[in-house]
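Reading through the structure tokens given below for one structure.
The values are calculated or read from the model by the stated rules, or taken from the named source; none is laboratory data. Just so we're clear, the structure is a prediction, and the values are computed from it rather than from any experiment. No Cβ is skipped: glycine too gets one built from the backbone with ideal geometry, and neighbour counts run over all protein chains shown.
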Amino acid sequence: MTHLPYDVLEGELPPALGIVLDQDRGSLPYALIHGEALVACAAWALGEAGVTPLDTGVGWDGVRGAGEPVVLHDTLCPMTPADFIATCVARALADDTVVVGTRPVTDTVKQVAGGVVGGTVDRDELVSIASPLVLPPSVVAALEHAPGTDLAALVARLATDHQVVALEAPASARRVSSVEEIAVLEALTAG
């Protein structure tokens with residue numbers, strides 16, 4: 001792994017800006033986990049990581065002009081640990097690369113061709129996009145428009161022109177897609 005020029009545990013990261021992604025996710029970001037809304041947990045994790053959450057009214061030109069890395073944090077990964085977010089920021093700055101948190105795929109995935117189910121895809125070759133997605137200042141400056149809210153599509157688009165590094169996120173950073181999955185994540189992160 002790359003030696004990081006910042007002491008992540010000591011909070012020595014340079015300034016970074018954060019965007020909490022709650023659009024295009026229905027009402028789930030406002031469901032509760034540990035008595036708090038998912039969106040609030042995501043915002044707090046950014047703050048604890050030393051990332052300044054941006055107000056939704058800040059325009060992309062202002063973000064680009066700041067010259068700082070930008071952290072996109074998905075509210076559907078509300079329990080992503082602050083130290084993992086900080087590690088992703090440090091890696092993005094150290095290597096001037098896009099960094100994305102991922103989780104291993106545990107479901108069985110099948111190939112489909114012509115409407116016929118075929119062979120099983122090797123899960124070891126697959127990852128699921130989690131959170132965060134960190135854009136180093138050079139990538140932020142190159143994006144003329146706000147990056148959007150679909151992290152998987154953004155990673156695919158960025159990979160055509162930029163190096164993208166995937167870091168395995170801890171289990172607590174898993175994505176939720178239902179109230180039932182929130183209950184599982186709440187049990188996983190209790191204590």
- Item | Enumeration of residues in segment 150-167 that are over 13 Å from residue 132 (Cβ atoms) and within 11 Å of the chain's Cα centre (by Cα) | 150, 152
- Item | Cβ pairs under 6 Å, 6+ apart, first in segment 37-59 and in contact (Cβ under 8 Å) with a residue 24 or more places away in the chain and of a type in the set (S, T, N, Q), second crowded, with 17+ Cβ neighbours inside 10 Å and not in a helix (DSSP H, G or I) | 52/17
- Message: Out of everything in segment 147-164 that is of a type in the set (A, V, I, L, M) and surrounded by 15 or more Cβ atoms within 10 Å (Cβ to Cβ), what residue ends up being farthest from residue 137 (Cα to Cα)?
- Response: 151
- A careful count of residues in segment 30-48 that are within 18 Å of the chain's Cα centre (by Cα) and in a strand (DSSP E or B) gives 1
- Task: Note down all Cβ pairs under 7 Å where the first residue falls in segment 64-90 and is under 13 Å from residue 21 (Cβ atoms), the second is hydrophobic (A, V, I, L, M, F, W, C) and assigned to a loop (DSSP other than H, G, I, E, B), and they're at least six residues apart or on different chains.
- Result: 76/176; 80/169
- Selection from segment 91-118 of residues among the hydroxyl-bearing types (Ser, Thr, Tyr) and either modelled with pLDDT of 90 or more or touching a strand residue (DSSP E or B) at 6+ places or on another chain (Cβ under 8 Å) (or both) yields 97, 102, 108
